[in-house]
Amino acid sequence: MFIRRLPKFEYHAPTSVAEALDQLSLYAENARVFAGGTDLFVSMKKREVTPEHLINLKGIKELKHIHYHVADGLRIGGLVTIGELERSEIIKSKFCALQDAFKVMASPQIRNLGTIGGNLCSALPSADTAPPLIAMGASVKLTGSKGKRTVLVEEFFKGPGESILEHDEILIEILIPSPPENSGGSYFKLMRRSAMDLAIVSTAAFLMMDGNKRVCKNACIALGTVATTPIRVSKAEKVVTKKEIDEDLAAEAGKVAAQEARPRSSIRASESYRREMVGVLTKRAIMEAYKRIIYDS
Ligand SMILES: Cc1cc2nc3c(=O)[nH]c(=O)nc-3n(C[C@H](O)[C@H](O)[C@H](O)COP(=O)(O)OP(=O)(O)OC[C@H]3O[C@@H](n4cnc5c(N)ncnc54)[C@H](O)[C@@H]3O)c2cc1C
């Protein structure tokens with residue numbers, strides 16, 4: 001595909017959230033914020049969007065934090081890059097499903113530019129951070145001219161490229177609850193090639209086991225790229241809840257997840273292949289989460 005230069009725009013570089021919100025209100029529909037620009041600049045070169053004013057959020061230091069406290073959970077500023085998160089020791093040790101996602105995203109160069117906020121705000125069904133965040137019960141904190149609001153990641157997406165984010169709002173923080181005792185998660189992504197590709201299908205599973213690590217008290221399973229938004233598969237979750245986990249049960253949950261998925265055929269994969277792969281990946285994600293609980297903690 002022929003990719004052109006960026007269209008002309010006026011550049012703005014606020015250093016605080018308040019300043020960025022003022023600029024968003026002032027330039028209204030003619031303005032667009034960006035962070036790493038790894039999604040937005042591609043869309044601009046294809047002339048899918050042609051904002052007259054570009055507001056660079058990267059100078060806002062208050063949105064670059066990674067804070068963990070047992071009581072509050074993990075708080076990630078909207079401008080933290082995927083690369084920084086991939087290197088975070090607390091994420092490696094306590095939020096494995098998210099770490100799995102970072103490892104299979106794009107390339108090191110893109111990960112060092114692209115942010116977790118940008119990944120969510122692009123609102124693609126294939127966004128790699130979405131399924132693990134949904135499975136872990138994460139929320140996003142948004143701020144705009146009408147004030148602040150906190151919304152579950154599960155409720156953030158509306159359709160391909162569409163979210164509940166209002167034009168004058170900025171995603172400032174991602175909040176992930178502390179994982180309870182005897183819990184664990186994992187994320188699996190199927191790509192056409194082994195790196196630098198978007199998902200054909202992706203699955204995240206998060207399990208909470210009882211004190212003996214035998215019975216699954218609660219399960220959350222989320223899928224990417226098999227519907228117009230990332231989705232949760234509640235019937236598959238019920239298959240494993242209040243049961244002892246084993247390969248057969250995980251395979252059964254996979255079958256149910258495949259029925260709940262709403263994939264479509266595209267140039268990248270057929271509907272039936274995606275559906276079948278939902279079954280395979282869901283089984284793998286459940287078994288990997290379970291093994292991590294058993295062997296890692
Ligand atoms: C070669 C290549 C490979 C890629 N591979 C993957 C992949 O494997 N998996 C994957 O999920 N993605 C992939 N991507 C997509 C992209 O890199 C990620 O989605 C990245 O995380 C986007 O972050 P960003 O900061 O660059 O977003 P930007 O491009 O800066 O912004 C994206 C959108 O979000 C909005 N936005 C950004 N930050 C905020 C904020 N804080 N508040 C409100 N709105 C905001 C912008 O207005 C824009 O609409 C790839 C991209 C490229 C170019």
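The table for this structure:
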item: Residues located in region 169-188, provided they are within 12 Å of the ligand (Cβ to nearest atom) and either surrounded by fewer than 19 Cβ atoms within 10 Å (Cβ to Cβ) or among the hydrophobic types (A, V, I, L, M, F, W, C) (or both); result: I170, L171, I172, I174
item: Test result for K58, modelled with pLDDT under 95 and surrounded by fewer than 20 Cβ atoms within 10 Å (Cβ to Cβ); result: no
item: Qualifying residue in region 9-16 (condition: exposed (fewer than 15 other Cβ atoms within 10 Å of the Cβ), modelled with pLDDT of 95 or more and polar (S, T, N, Q)); result: yes
item: Per-region count, region 70-91, residues part of a loop (DSSP other than H, G, I, E, B) and either of a type in the set (S, T, N, Q) or open to solvent by less than 20 Å² (accessible area, probe 1.4 Å) (or both); result: 4
item: Among the candidates M191, M208, residue that is surrounded by fewer than 23 Cβ atoms within 10 Å (Cβ to Cβ), away from the ligand (no atom under 13 Å from the Cβ) and of a type in the set (A, V, I, L, M); result: M208
item: Flag for K94 being under 26 Å from T150 (Cα atoms), surrounded by 13 or more Cβ atoms within 10 Å (Cβ to Cβ), of a type outside the set (A, V, I, L, M, F, W, C) and more than 14 Å from the ligand (Cβ to nearest atom); result: yes
item: Which numbered condition T229 misses (of (1) closer than 17 Å to L133 by Cβ; (2) open to solvent by less than 40 Å² (accessible area, probe 1.4 Å); (3) not aliphatic (A, V, I, L, M); (4) not in a loop (DSSP other than H, G, I, E, B)); result: (4)
item: Matching option when the condition is open to solvent by 60 Å² or more (accessible area, probe 1.4 Å) and in a strand (DSSP E or B), among K283, K217; result: K217
item: Among residues of region 194-205, those that are within 12 Å of the ligand (Cβ to nearest atom) and in contact (Cβ under 8 Å) with a residue 40 or more places away in the chain, counted; result: 6
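The values are calculated or read from the model by the stated rules, or taken from the named source; none is laboratory data. All figures in this text were calculated on a predicted structure; none of them were measured in a lab. Heads up, the Cβs are rebuilt from the backbone with ideal geometry, glycines too, and the neighbour counts pull from every protein chain shown. The accessibility values were calculated without ligands, DNA or RNA, using every heavy atom of the protein model including side chains. Shrake-Rupley method; radii C 1.70, N 1.55, O 1.52, S 1.80 Å.
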